[in-house]
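To start, the structure itself, in structure tokens.
Since every read-out is calculated from the coordinates, none of them should be taken as a lab result. All of these numbers come straight from a predicted model, not from anything done at the bench. Cβ placement follows ideal geometry from the backbone for every residue including glycine, while neighbour counts extend to all protein chains displayed.
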Amino acid sequence: MVDVTAIFLGILVVWEVLTVQLEVLDAFLFPSPQQVLELFIGDLPTIFRGLGSSLVLLSAAYALALATAIPLGLFVGWRRRLFNAVHPISKIMSAVPPIVYIPYAIAILPTFQLASVLVIFVGAFWPIFVSTLNATVQIDKTLIDSARMLRIKERRLLFEIILPAIMPQVLTGCSVGLIFSFILLASAEMIGATSGIGWYVKYYSDFGDYGKVIVGILFIGLVVTAVMAVFDRIQRHLLRWQAKYSAD
């Protein structure tokens, strides 16, 4: 934490020197730290209203991705024939940048909110699905053989034995999917939204108010950092058995 604080303070010092002391950077494009801080504090009510709108879209899309990608990944990975058919398709589809679907989503769906949810869902779905799929296929066969000897039903086998065993890989995919969700959220809001943290940056960039553009960028960085910190805590909680196992 000390190192992070030192780096942050170093960036502020360099920023202050380049903008105020040496005046190397264009003051129109790069306001001083003090100006940005004043704008940040003054615009907090607007920013937080936009954050609420953004989190609604993000939560709906990401929750839908979790609810579909993990069960599908388990089911497809468990059935070898189905895996052989789906895996090549998933490799192609997961490589397509979801942002290309934005124009069609906006044109087809009745509201921008639904279009945004669809695009964010696609971006989060593939990393989670592919990680779950691959981890299920590669699971230790001795674990499966032991479960079969106990005559455990398939549903219980998938969700109570295989899923906990592959949880580290699944959570890696969930982390990547969450990052992609933020990228697509900001992209979608910059294209057609009337509120949100991505809209905030786009709106003020159109008016050449780069102080508020920087405010928006910094705020997005803070939000992503906070959400990922919460995700890391959840991940450590779900994988607490690993630490206990390592200690033993």
Using a simple spin-label model with points 7 Å from Cα along the Cα→Cβ vector, what separation in nm is obtained for ARG155 and THR46?
5.2
Out of GLY198, GLY221, GLY77, any idea which swings most in a Gaussian network model of the chain, alpha carbons joined below 10 Å?
GLY221
Which value in nm describes the separation of the simple spin-label points at SER94 and VAL13, placed 7 Å from the Cα toward the beta carbon?
4.4
Points 7 angstrom from Cα along the Cβ direction at MET228 and LEU37: gap in nanometres?
2.5
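Using only the Cα atoms, work out Rg/Rh for the range 31-238, with Rh taken as the Kirkwood radius, to two decimals. Kindly include the intermediate steps, with their values, before the conclusion.
Details: Rg = 20.4 Å, Rh = 18.8 Å.
Ratio of gyration radius to Kirkwood radius: 1.08.
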Helix 2-16 vs. the chain, principal-axis angle (Cα, 0 to 90°, nearest 10)
30
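Given a Förster distance of 25 Å, report the FRET efficiency between THR68 and ALA165 from their Cβ-Cβ distance, rounded to the nearest 0.05.
Numbers: r = 21 Å, r/R0 = 0.83.
E between THR68 and ALA165, to the nearest 0.05, is 0.75.
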Would you mind pulling out the separation of the Cα centroids of the range 174-192 and the range 4-64, in Å?
19
Charge dipole (the range 1-149, unit charges on Cβ, about Cα centre) - positive-most of VAL96, VAL119, THR132:
THR132
Which one, ILE197, GLY208, SER181, projects farthest toward the positive side of the charge dipole computed for the range 170-244 from Cβ point charges (K/R +1, D/E -1)?
SER181
Relative to the longest principal axis of the C-alpha atoms of the chain, give the angle of the C-alpha long axis of helix 167-192, reported between 0 and 90° and rounded to the nearest 10°.
40
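If you put +1 on each Lys and Arg Cβ and -1 on each Asp and Glu Cβ, how big is the dipole of the range 123-234 around its Cα centre, in Debye rounded to 20? Please report the intermediate quantities before stating the final value.
Values: 9 positive and 8 negative charges, 98 e Å.
Here the range 123-234 has a charge dipole of around 480 debye.
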